[in-house]
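Undergrad: Let me begin by handing over the structure; questions about it come next.
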Amino acid sequence: MSQKTLNSWLTHLEGAHSKAIDLGLDRVREVAQTMRLSPRVPVITVAGTNGKGSTVRVLQALLKAIGVRSGVFTSPHLLRFNERIVIDDHVATDQEIIDAFAAIEHARGQVSLTYYEFSTLAAAYLFDRSDVQVWLLEVGLGGRLDAVNIFDATVSVVTSIDLDHQAYLGDTRDAIAIEKAGVARCGSPCVVAESNLPSTLIPELQRIGAIPITIGRDFKVTLRADETRWDGQWSWDGVALDITEVESPSFIESNVAGAIAAVLALGFELDEQRVKRALHGLDLAGRRQMVDLGGYKVLCDVAHNPASVAALARYHRQHRPDAGVCRAVFSVMSDKDIAAMLQQGSEFIDVWYLAGQQNERVASVKTVSDLIAAHLQTESHVFNNVRSAIKAMISDANDGDSLIVMGSFTTVAVALAMVDDPAEVVSEC
């Protein structure tokens with residue numbers, strides 16, 4: 001097959017495999033072995049329900065602060081596929097990804113791969129041909145059977161553990177914890193940044209033979225967060241770092257603490273000044289990101305399951321306690337626990353702007369609207385698309401209101417795309 005553009009490759013890959021999600025390592029491992037893709041440098045693999053992307057972003061910044069070049073693989077992307085593969089701070093180019101896809105296509109023979117598996121192998125192919133010193137791999141779904149798990153983690157990280165993707169991972173935190181723990185390796189450190197430990201997590205890590213490094217027991221972070229600054233101490237195994245006057249409101253303390261622990265577990269040294277330099281002003285697109293739309297500040301957050309909406313509620317209470325009406329554009333995939341998300345959101349959202357999308361996986365606005373009417377009786381409005389919902393929210397807003405775009409990555413992506421097109425924001429709904 002000959003594909004000339006990245007978009008044509010991606011269109012092909014969307015339908016190249018019989019299932020969009022097909023967990024398992026055999027197929028992707030076979031192709032990786034054919035291509036002789038095997039890391040020659042340390043690997044940090046990050047699993048968890050929420051906070052994976054944030055933790056990887058902090059890891060990348062910490063490593064850069066000590067002069068270590070990293071290859072970063074994350075998913076999904078917001079605006080461009082290229083965001084998934086970053087080599088030493090440089091986003092992979094179209095041509096680099098095209099070359100990687102062509103090599104994978106040639107090597108796979110009759111082996112069928114999903115879109116995500118192609119993406120994982122493309123990242124490995126480009127990392128293997130670069131001079132990066134550490135691979136940073138974010139798990140897409142679960143851990144044990146996720147494609148990135150064909151590569152052995154030198155250090156693994158487990159962030160939060162909560163209910164999500166139950167059809168694939170199990171319907172209890174204990175079951176999900178076992179899947180997340182599957183990224184750990186015998187004899188290697190596994191940093192656990194989840195303080196509310198499921199009963200199965202540490203026993204499973206012990207069964208694997210990993211070395212658990214657990215928040216609250218082996219390392220701790222004592223931080224007081226206000227609107228712009230963290231004040232506090234981070235400590236582990238006799239290492240204490242004074243983290244003060246760090247402006248980085250986009251990140252949860254436990255994820256930052258876990259990233260610091262992972263870098264130290266890998267054998268690198270950190271000092272306070274480098275940590276502060278790495279964290280100061282650090283942000284991540286789509287995570288508690290404040291943007292200007294139509295003359296208003298709009299908070300964008302990919303809160304796409306109940307736990308992440310609960311975290312957003314806590315953040316909102318802390319940072320906007322005196323806000324006027326809280327208005328939120330919301331659209332999410334149909335396989336989520338939408339009722340629980342709405343219940344969490346009702347703690348701080350007064351008006352919902354429900355958006356449809358041209359994506360068969362997205363929950364219909366009628367489904368979400370009916371849930372609100374049945375359980376919350378909160379004001380809500382429905383729109384055919386995210387762009388229209390955002391325009392309506394801005395049109396209704398008054399000074400002092402809190403404006404939010406939340407839900408799936410595809411929802412937040414629309415808001416970020418509108419930032420560069422002011423005329424589009426203020427045009428008629």
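Undergrad: Pull out all pairs, ordered by first then second residue, where Cβ-Cβ is under 9 Å, the residues are six or more apart or on different chains, the first lies in region 370-385 and is over 13 Å from Ala355 (Cβ atoms), and the second is charged (D, E, K, R).
TA: Ile372/Glu379; Thr378/Asp350; Glu379/Asp350
Undergrad: Working only within region 212-222, note down all residues that are of a type outside the set (D, E, K, R) and either surrounded by fewer than 18 Cβ atoms within 10 Å (Cβ to Cβ) or touching a residue at least 60 places away in the same chain (Cβ under 8 Å) (or both).
TA: Once the filter is applied, which keeps residues that are of a type outside the set (D, E, K, R) and either surrounded by fewer than 18 Cβ atoms within 10 Å (Cβ to Cβ) or touching a residue at least 60 places away in the same chain (Cβ under 8 Å) (or both), region 212-222 yields Gly216, Thr222.
Undergrad: Restricting attention to region 3-44, which residues are within 28 Å of Val134 (Cα to Cα) and touching a Ser or Thr at 6+ places or on another chain (Cβ under 6 Å)?
TA: Listed by number, the residues that qualify are Asp22, Pro42, Val43.
Undergrad: A further question follows. Which of the residues belonging to region 262-313 are in a strand (DSSP E or B) and either in the same structural domain as Asp164 (by TED's automatic domain parsing) or closer than 24 Å to Glu83 by Cα (or both)?
TA: Gln289, Met290, Val291, Asp292, Leu293, Val298, Leu299, Cys300, Asp301
Undergrad: Could you please find all residues in region 264-301 being acidic (Asp, Glu) and in contact with a strand residue (DSSP E or B) (Cβ under 7 Å, 6 or more places away or on another chain)?
TA: Glu272, Asp283, Asp301
Undergrad: Moving on. Would you please list the contacts, defined by Cβ atoms under 6 Å and residues six or more apart or on different chains, that run from a residue in region 272-285 that is at negative phi and touching a residue at least 12 places away in the same chain (Cβ under 8 Å) to a residue that is basic (Lys, Arg) and buried (at least 20 other Cβ atoms within 10 Å of the Cβ)?
TA: Leu284/Arg57
Undergrad: Being over 18 Å from the mean Cα position of the chain (by Cα) and without any contact (Cβ under 8 Å) to a residue 40 or more places away in the chain is the filter here, so list the residues in region 123-165 that pass it.
TA: Listed by number, the list holds a single entry, Arg129.
Undergrad: Something else: For region 110-204, list the strands (runs of 3 or more DSSP E) that sit wholly inside it and hold at least 3 residues that are more than 20 Å from Gly53 (Cβ to Cβ), in the same structural domain as Ile44 (by TED's automatic domain parsing) and not β-branched (Val, Ile, Thr); which are they?
TA: Of the strands (runs of 3 or more DSSP E) lying wholly inside region 110-204, none has at least 3 residues that are more than 20 Å from Gly53 (Cβ to Cβ), in the same structural domain as Ile44 (by TED's automatic domain parsing) and not β-branched (Val, Ile, Thr).
Undergrad: Identify all residues within region 13-28 that are closer than 30 Å to Arg69 by Cβ and either surrounded by fewer than 18 Cβ atoms within 10 Å (Cβ to Cβ) or not assigned by TED's automatic domain parsing to the domain that holds Ile87 (or both); write none if there are none.
TA: Residue satisfying the conditions is Leu25 alone.
Undergrad: Related question: If you scan region 172-216, which residues turn out to be basic (Lys, Arg) and over 16 Å from Thr159 (Cβ atoms)?
TA: Arg185, Arg207
Undergrad: What strands (runs of 3 or more DSSP E) lie completely within region 318-400 and have 2 or more residues being buried (at least 16 other Cβ atoms within 10 Å of the Cβ), in contact with a Ser or Thr (Cβ under 8 Å, 6 or more places away or on another chain) and of a type in the set (A, V, I, L, M)?
TA: In region 318-400, the matching strands (runs of 3 or more DSSP E) lie at 351-355.
Undergrad: Just the residues that are basic (Lys, Arg) and modelled with pLDDT under 85, please, taken from region 242-290.
TA: Lys276
Undergrad: Considering only region 249-256, I want to know if a residue exists there that is touching a residue at least 24 places away in the same chain (Cβ under 8 Å), within 24 Å of Trp135 (Cβ to Cβ) and either surrounded by fewer than 17 Cβ atoms within 10 Å (Cβ to Cβ) or hydroxyl-bearing (Ser, Thr, Tyr) (or both).
TA: Yes.
The values are calculated or read from the model by the stated rules, or taken from the named source; none is laboratory data. Everything numeric here is computed off the predicted structure, so don't read it as measured data. Here Cβ is always computed from backbone atoms with ideal geometry, including for glycine, and neighbour counts include all displayed protein chains.
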